[in-house]
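First comes the structure, then the notes that go with it.
The values are calculated or read from the model by the stated rules, or taken from the named source; none is laboratory data. Note that the coordinates shown come from a computational prediction; the quantities given were computed from them, not determined experimentally. Cβ placement follows ideal geometry from the backbone for every residue including glycine, while neighbour counts extend to all protein chains displayed. For accessibility, only protein heavy atoms count, side chains too; no ligands or nucleic acids. Shrake-Rupley method; radii C 1.70, N 1.55, O 1.52, S 1.80 Å.
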Amino acid sequence: MKDAMTDGIVSLVGAGPGDPELISVKGLRLIQSADAVVYDRLVDKRLLDHARENVEMFDVGKIPGKRINRQEDINRLLVELGSAGKRVVRLKGGDPFVFGRGGEEAEALANAGLTFEIIPGITSAIAAPAYAGIPITQRRVASSFTVVTGSEDPTKPGTSVDWETLAKSSDTLAVLMGQSNLRIIADVLVDYGRPPDTPVALVQWGTEPYQRTLVGTLANIADEAAAAGIGAPAVTVIGDVVKLRKAIRWFDNRPLFGKRVLITRTRTQSSALSAMLTHRGAIPVELPTIEIQPIKDYAELDDALSSAQRYDWAVFSSANAVDIVFDRLPALGMDARALHGVCIAAIGPATRRRLREWGIVADFMPSSFVADVAVNELGALGVEGKCVLLPQAQIARDTLRVGLAENGADVQSIAVYRTVTPQNTTERLQDILADGIDIATFTSSSTATNLVELMGGNTDALKNATIACIGPITAERAAELGFSIDIVSAEHTIAGLVSAVESHFTEGDKAK
Ligand code: SAH
């Protein structure tokens, strides 16, 4: 049998420059299977969410009392964890060997005779300029580049960087850790012969939705940076390639770039919307205003499921209802076959998708996802005299039930879950509102109602925000509550909402 102690390996993994999707496939896989993760300050914390639940986490970027861990302590920790036979991921910003002291960590591991591996990462030296629309090389503009540390004062004796040679070459320079010495570095380069009008770009928090880019020249960049308040972490790009930003800028000019978007749906439903916003450069801010809770008594549902064959249709208006019904079946000693022969309707693609996850292909989905349209189209399918099961929220709007009944159906509406306003979120809401929200999204009437309840009945804190609603009924409710509505999605889905918000900002027609 293999000795468990020999299975340990320490992987020095480059986390990439910021955006958590810029890690390598291999790096991500290693995080997912690690026993211990040792990470730095500049690593985007969302990457840590991929680790297993019981993983040991070590934040060596800072420890209480000390500003920064000493490198020897980090080396010792890695050796200790590796010697214990663990699968250790040492997660470092950018590439582990670009000014990350990764080389020293690898030496310590090699000296200790431990198995280790290096997973390179995308360095900020290249990625931050790329996300600012600046190619680090370009034919006829720059045929080489130098990545250089700016952490040493170039005027102090013993500096290890040959600024004179760098000034005389026509390389693109990417200076890392240069924020505090920016003025001296720019002056030294000019003194050694780089023209003062050489273009310079500072890219702070490159690849993140809060990336900031400042363009100037060697002569004025230090003053401009001070005026704009741009500090670390930033890459300073020096050279004619900076001029290409005008034509190639692609990331920080997206319509939703950097906008803080409030998401008010339940925690589990928020992730899809968050992901879509993130991909468009926005900053999703999740504040669930709804919590789904089971109801006390499932007798009515149990009864309906026990004789499900009597229904002609089961109409699901939310993914929650789907989950509860299909979760309930095994408790009754049944499975999806209990609904054999019952036609299934899904009001909306998310509900249809959830049914699919339970192995059910919906027979019908209306062309629009507001209840009135669903009623008309279901009516047209011929529900007269048919028995319809309608599992819903306890305080669901009655439109579906009444509408189907008016079409001659025998509708049994059953409460299967209830929605409540989460407690203890007031403080977090205050923090969110203090940081500012650019866009607030409402994906149902109750998200608006509950948010206003959490805001103590006063919507003033969002009066400068753009208000986006998933459909007319939600918009009507939000307006009643005192919001002035800017966007009503024509397609009542999350994707429809996101694209309505995006085109609102693309067209630049924001009146507020
Ligand atoms: N190994 C890292 C660099 C570590 S040194 C890499 O390959 O990127 C830390 C310096 O990297 C910072 O001072 C800053 O100059 C730069 N840096 C790291 N992440 C950055 C980011 N997202 N945007 C701009 N600069 C960044």
* Enter the Cα centre distance for the pair segment 408-429 and segment 210-246, rounded to the nearest angstrom. => 50
* Quick one: if the Förster radius is 30 Å, what FRET efficiency do D335 and T426 give, using the C-beta to C-beta distance and rounding to 0.05? -> 0.10
* Asked: Where the eigenvalues come from the Cα gyration tensor of segment 1-144, what are the semi-axes √(5λ) of the equivalent ellipsoid, largest first, in whole Å?
  -> 29, 16, 16
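Using a Förster distance of 56 Å, how high is the FRET efficiency between E491 and E104, based on the Cβ-Cβ distance and rounded to 0.05?
0.55
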* Structure fact -> Computed about the Cα centre, the charge dipole of segment 413-473 from +1 Lys/Arg and -1 Asp/Glu charges at the Cβ has a magnitude in debye, to the nearest 20, of 260
* To do: Would you kindly calculate the mean projected area, averaged across all directions, of the convex hull enclosing the Cα atoms of segment 197-333, in square nanometres?
  => 13.5
* 5 angstrom amide H check on I344, placed H, neighbours 5+ away -> A314, D363, F364
* **Given charges at Cβ of Lys, Arg, Asp, Glu: segment 268-411 dipole, positive-most of V375, A275, G408** => A275
* For D19, residues with placed amide H under 5 Å, excluding near neighbours -> E208
* Asked: Contour minus end-to-end for R183 and E384, with contour as 0.36 nm per residue of separation and end-to-end as the Cα-Cα distance?
  -> 64.4 nm
* Asked: Hey, how much of the P(r) for segment 405-489 falls beyond 20 Å, as a percent of Cα pairs?
  -> 42
* To do: Would you kindly work out the equivalent ellipsoid of the chain from its C-alpha gyration tensor and give its semi-axes, the square roots of five times the eigenvalues, largest first in whole Å?
  => 54, 30, 19
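Taking the highest mean first, how do the peptides 11-24, 74-87 order by number of other beta carbon atoms within 10 angstrom per residue? List each step's numbers first, then the result.
Numbers: 11-24: 23.8, 74-87: 18.2.
Going from most to least packed, we get 11-24, 74-87.
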* To do: With an 8 Å cut-off on Cα pairs and a minimum separation of 6 or more residues, tell me the relative contact order of segment 16-139 in percent.
  => 29
* Asked: When the chain is fully extended, how far beyond the present Cα-Cα distance does A228 get from K463, taking 0.36 nm per residue of separation?
  -> 81.9 nm
* Structure fact -> Taking Rh as the Kirkwood radius computed over alpha-carbon pairs of segment 111-221 and applying Stokes-Einstein at 10 °C with viscosity 1.306 mPa s, one gets a diffusion coefficient in µm² s⁻¹ of 103
* So what is log10(I(q)/I(0)) for segment 301-398 at q = 0.12 1/Å, when the Debye sum runs over its Cα atoms only? -> -0.35
* Arranged from highest to lowest average of other beta-carbon atoms within 10 Å per residue, in what order do the peptides 157-165, 497-505, 466-474 appear? -> 466-474, 497-505, 157-165
* To do: Place a +1 charge on the Cβ of each Lys and Arg in the chain and a -1 charge on the Cβ of each Asp and Glu, then give the dipole magnitude about the Cα centre in debye, rounded to the nearest 20.
  => 720
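For the pair N220 and K168, what calculated FRET efficiency results from E = 1/(1 + (r/R0)^6), where r is the Cβ-Cβ distance and R0 = 25 Å, to the nearest 0.05?
Here the calculated transfer efficiency is 0.70.
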* Can you list, bin by bin at 5 Å, the percent of alpha carbon pairs in segment 158-228, starting at 0? -> 3, 15, 28, 26, 16, 9, 3, 0
* Asked: How would H492, H279, H50 rank on accessible area, largest to smallest, probe 1.4 Å?
  -> H279, H50, H492
* Label-point separation (nm) for R356 and R249, each offset 7 Å from Cα along Cα-to-Cβ? -> 3.9
* Asked: Contour minus end-to-end for T399 and V141, with contour as 0.36 nm per residue of separation and end-to-end as the Cα-Cα distance?
  -> 86.4 nm
* Please turn the phi angles of segment 387-398 into ³J(HN,Hα) values with the Karplus equation 6.51 cos²θ - 1.76 cosθ + 1.60 (θ = phi - 60°), one per residue in order, whole Hz, x for glycine and proline. => 8, 10, 9, 10, x, 9, 6, 4, 10, 6, 5, 8
* Asked: What is the chain's relative contact order, in percent, from Cα pairs under 8 angstrom and six or more apart in sequence?
  -> 10
